[in-house]
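Colleague: The structure's right below; bear with me while I get my questions together.
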Amino acid sequence: MKTAILTLATIASIALGIGTKTYATENNGTAKSNNEVSTVLVNVSKISKIEVRGNVELYVSDGESDQVKVYNKYYEQSALVQSQNGVLRITSYAGQKLVVWIKAADLRAITAYDNAEVKSFGKLNAIELDVKLHDNASAKLEMDAYSANITVKDRAIADLSGTAGQLNLKHDVTASVNKYNLKAATLIENKIIVANNNELAMATN
């Protein structure tokens, strides 16, 4: 089981020429006026699920091959990017928002926690897409999915658009969901009411 973990120590060793493998390449050629630096992680592939935590702004898009690009000199922040068995985990609790752009050829699931923001860059095409939002996380997603399962917990926010053959939507009454621009052939929606630490589902369709 191969695990790729990119942390401050790893990137520092690469910069000093100590490491024996190339994990990332920096691109300054297209840097903005604020000297923004992007880091492309080249040893990440076969991404099927993304888990994001903390103060992160994540952009996701379809691609013929997988690619992860991280901005804001993330290796100087308390950030972690870990890839294991098809699951890409991104965590940053720094004051400055960590910006990440992921292209994936076969993305099937996204889970976000804390104050993480997830946005699709273009339309996400999937046979089955599973999205879970917790805490104060938010997602603005345009999709074309045969089947989509969306769960919005706590005070999370979901803004959904595009098309879905079947949409299974489950959300807490404290959460916010905008599905006005999403067309689904079949919609199953359940609002969850928490009473005495027990969840009660209330169908709305």
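Just so it is clear, none of the values below were taken in a lab; they were calculated from the coordinates. All of these numbers come straight from a predicted model, not from anything done at the bench. We place every Cβ from the backbone using ideal geometry, glycine too, and count neighbours over all the protein chains shown.
Colleague: Which of the residues belonging to segment 81-101 are under 16 Å from Gln67 (Cβ atoms) and either of a type in the set (Ser, Thr, Tyr) or surrounded by fewer than 24 Cβ atoms within 10 Å (Cβ to Cβ) (or both)? Give the steps one after another, and end with the answer.
Modeller: Of the residues in segment 81-101, the ones under 16 Å from Gln67 (Cβ atoms) are 81, 83, 86, 88, 90, 99-101.
Matches in segment 81-101: Ser83, Gly86, Val99, Trp101.
Colleague: Now for a different question. Answer with yes or no whether Glu51 is in a loop (DSSP other than H, G, I, E, B) and under 18 Å from Leu129 (Cα atoms). Lay out the reasoning, then the answer.
Modeller: Numbers: in a loop (DSSP other than H, G, I, E, B): no; under 18 Å from Leu129 (Cα atoms): yes.
No, not satisfied.
Colleague: Which residues, counting only those in segment 139-159, are under 15 Å from the mean Cα position of the chain (by Cα) and crowded, with 19+ Cβ neighbours inside 10 Å?
Modeller: Scanning segment 139-159 gives Ala139, Leu141, Met143, Ile150, Thr151, Val152, Ala156, Ala158.
Colleague: Assess whether Leu129 counts as being within 15 Å of the chain's Cα centre (by Cα) and either β-branched (Val, Ile, Thr) or farther than 16 Å from Glu189 by Cβ (or both). Working first, answer last.
Modeller: On the way: within 15 Å of the chain's Cα centre (by Cα): yes; either β-branched (Val, Ile, Thr) or farther than 16 Å from Glu189 by Cβ (or both): yes.
Yes, satisfied.
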